[in-house]
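The values are calculated or read from the model by the stated rules, or taken from the named source; none is laboratory data. Keep in mind it's a predicted model, so treat the numbers as computed, not measured. Quick reminder, even Gly has a Cβ in these numbers, built from the backbone with ideal geometry, and neighbours come from all protein chains shown. Accessible surface areas use protein heavy atoms only, side chains included; no ligands, DNA or RNA. Shrake-Rupley method; radii C 1.70, N 1.55, O 1.52, S 1.80 Å.
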Amino acid sequence: MKTEDIILKLAQLNESSRQLDIPEQERIEMLDAVTSYANQFISGLDTIKAFQEKEATALEITNKKRSLPALLDLYQKEVAETGINAASGKHLGYIPGGGIFTAALADFLAAVTNPYASVYFASPGAATVENEVINWLKSVFLFPKKSVGSLSSGGSVSTLIAFTAARDKHKVKNELIRKSVVYVSEQVHHSTQKALRIIGLEDVMIRYVPLDDRYRIKTDSLNELIEKDISEGLHPFLVVATAGTTDTGAIDPLDEIATIAHKHNIWFHVDAAYGGFFIMTSKKEMFKGIEKADSLIIDPHKGLFLPYGVGAVLIKDSAAVLHSNYYTANYMQDGANEEMIKSPANISPELTKHFRGLRVWLPLQIHGTEPFIACLEEKLLLVKYFRNKLAELGFCLGPEPDLSVSYFWYPFEIDTDKKNKRLIDEIHADGSVFLSSSIINKRFVIRIAILAFRTKKETIDEAVEMVKRCLEKVNQAD
Ligand SMILES: *Cc1c(COP(=O)(O)O)cnc(C)c1O
């Protein structure tokens, strides 16, 4: 192609391609539209339902252009008003968090400025923000300065990173896989087994350690299982303790488990995805021993109330992590030097990733930690308040939880499980507050998970009213 033809063609293409770079006046209008949508959404949270059982049907991408205001309407109807409203304080199912506003601002800034946070050389500032968040987490969980960490998409990917380091440290490969043993709680989160499968350890033996009446690992049983396995020539290499089980809010006896694991030279992993940040509250003592973990996962999108998509992992043995994740390529040679550990990409399977650090860093800088701690303390009290109210209504309750997750069921005289299932169906149909269900000790139960930052005493009062209303419906249906 001749130069003048290229120039001509470029001018033609520019007519269309430059549309992606919005001029300032239009930017202002678009920001106004989004700002006013966001404000209406937040102001309306008190009055809208927590759950709406509706399908999304009109989100197909066609090649037809649509305006931003029209798309915001569509978003409201098809996304914001279908399923669980996770920004609402009335989300008391699974593990909620909410999504604080200052984190949304951080995401906006991260996307506009788009620094390459994965490699220190590419953006020393963004990489340092990520690393300072990790440093802060190390100080919260009393991990040594020379441990390493990564901000991942959530608990599941954090678990992958931690288990891969454990696998490589203990050289669990080839024939050794079938002889290797992992110890977990019966209440372990399913992402644990999933991670083992993904990293090629589907064939290891998994021992489910018996629990006490408050769903905590029985350490005597753990020790016996390990000693038996060793005496039979097996290869125990990983113990997973949970600091805040998803269904029962229990914290395993971390300090004792640490002692047992280290005595037998086993990697000690703590899943604190849900419960971790309660270490900053009056529950601190229960977390004793967490600092002895070889690896630890925590989910800021749960206990720090950030929007979904940010988890964290801390690992003591940096060599094990680098073994799994460090990689050099010729096209990256400009960035490769002794700064290896400063580049988040070397601690993670992700190379290019969202600049997640900013959504943790900015809120902590703006608010300080105090309101986060108050919010967590508040959740601990709210679960007690909810349980008291349910007991007054004649419900049976699970044991007093260590944290802010609990469960209950109504002691219907016949068909108890079936009718509690009907009760949760009524609760979902009502939708004013969202609760989820589970099977615990072979019993169908309804869970309460109080962790959203917008959940207040008034929310719990509303939840109690709803449960009462739904119970009457189930009783009437007989
Ligand atoms: C939520 C959770 C996970 C999984 O984390 P994701 O962020 O959903 O991937 C793992 N363990 C526990 C205890 C959890 O509560």
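Only bridges whose two residues both fall in the chain count here: according to DSSP, what percent of them are antiparallel, nearest 5?
Working: 24 of 43 bridges.
Percentage antiparallel, nearest 5: 55.
Please turn the phi angles of the stretch 81-93 into ³J(HN,Hα) values with the Karplus equation 6.51 cos²θ - 1.76 cosθ + 1.60 (θ = phi - 60°), one per residue in order, whole Hz, x for glycine and proline.
These are the phi-based 3J(HN,Hα) values: 9, 10, x, 7, 8, 6, 7, 7, x, 8, 7, 10, x Hz.
Send over a whole-number figure in Å² for the accessible area per residue of the chain, probe 1.4 Å.
On the way: 23380 Å² over 478 residues.
Averaged over the residues of the chain, the accessible area is 49 Å².
Relative to the compact globular guide of 2.2 N^0.38 Å, what is the alpha carbon radius of gyration of the stretch 108-367, as a ratio? Numbers along the way, then the final one.
On the way: Rg = 18.2 Å, N = 260, 2.2 N^0.38 = 18.2 Å.
That works out to 1.00 for the stretch 108-367.
Determine the distance separating the Cα centre of the stretch 374-453 from the Cα centre of the stretch 282-304; give it in Å without decimals.
Taking the Cα centre of the stretch 282-304 as reference, the centre of the stretch 374-453 is 25 Å away.
Could you sort the peptides 23-34, 303-314 by per-residue average Cβ neighbour count (10 Å cutoff), highest mean leading? Intermediate values should be presented prior to the final figure.
Values: 23-34: 11.2, 303-314: 23.9.
Top to bottom by mean Cβ count within 10 Å: 303-314, 23-34.
Out of the stretch 190-291, which GluC sites (Glu not before Pro) are coil in DSSP terms and have no more than 15 other C-beta atoms within 10 Å? Don't jump to the answer; show the numbers that get you there.
Numbers: sites: GLU202, GLU224, GLU227, GLU232, GLU256, GLU285, GLU291; in loops: GLU202, GLU232.
When the GluC sites (Glu not before Pro) of the stretch 190-291 are filtered for loop state and at most 15 Cβ neighbours within 10 Å, GLU202, GLU232 remain.
Mind checking the log10 I(q)/I(0) for the chain at q = 0.06 Å⁻¹? Debye, one equal scatterer per Cα, no solvent, two decimals.
Log-scaled intensity ratios, in q order: -0.32.
Order 48-56, 258-266 from most to least packed using the mean count of other Cβ atoms within 10 Å.
Per-residue mean Cβ counts within 10 Å order the peptides as 258-266, 48-56.
Under a straight-distance cross-link criterion of Cα-Cα below 16 Å, which lysines are reachable from LYS418, leaving out those fewer than 8 residues away in the same chain?
Hits, sequence-local ones excluded: LYS442, LYS473.
Counting helices only, and only those DSSP H runs with n ≥ 4, report the 222 nm mean residue ellipticity of the chain as the sum of -39,500 (n - 2.57) divided by its residues, in deg cm²/dmol to the nearest 500.
Values: 16 runs with 204 residues, N = 478.
My calculation for the chain gives -13500 deg cm²/dmol from helical runs alone.
Rounded to the nearest percent, how much of the accessible area of the chain (1.4 Å probe, protein heavy atoms only) is carbon and sulfur?
Working: 12610 of 23380 Å².
Roughly 54 percent, rounded to a whole number.
For a quick check of your reading of the filter: which trypsin sites (Lys or Arg not before Pro) in the stretch 118-187 sit in a DSSP loop and have no more than 10 other Cβ atoms within 10 Å?
LYS145, LYS146
Cross-link partners among lysines for LYS384, C-alpha distance below 21 Å, same-chain residues fewer than 8 apart left out?
Reachable lysines: LYS90, LYS283, LYS284, LYS302, LYS456, LYS457, LYS468.
Quick one: net charge of THR281's neighbours, Cβ under 13 Å, K/R +1, D/E -1? Before the final figure, lay out the partial values.
Numbers: positive: LYS283, LYS284, LYS379; negative: GLU285, GLU370, GLU377, GLU378, ASP402.
Overall, the nearby charge balance is -2.
Can you list the aspartates and glutamates whose alpha carbon sits under 19 Å from that of LYS263, skipping same-chain ones fewer than 8 residues off?
ASP220, GLU224, GLU227, ASP229, GLU232, ASP252, ASP255, GLU291, ASP294, ASP317
Contour minus end-to-end for THR62 and GLN40, with contour as 0.36 nm per residue of separation and end-to-end as the Cα-Cα distance?
Working: separation 22, 0.36 × 22 = 7.92 nm, distance 2.80 nm.
That pair, THR62 and GLN40, stretches by 5.1 nm at full extension.
With charges only on Cβ, +1 for K and R and -1 for D and E, what is the dipole size of the stretch 398-462 about its Cα centre, in debye, rounded to 20?
Values: 10 positive and 11 negative charges, 42 e Å.
In debye, rounded to 20, the stretch 398-462 gives about 200.
Could you work out the relative contact order of the chain? I mean the mean sequence separation of Cα pairs under 8 Å and 6+ apart, divided by the number of residues, in percent.
Here the relative contact order equals 22 percent.
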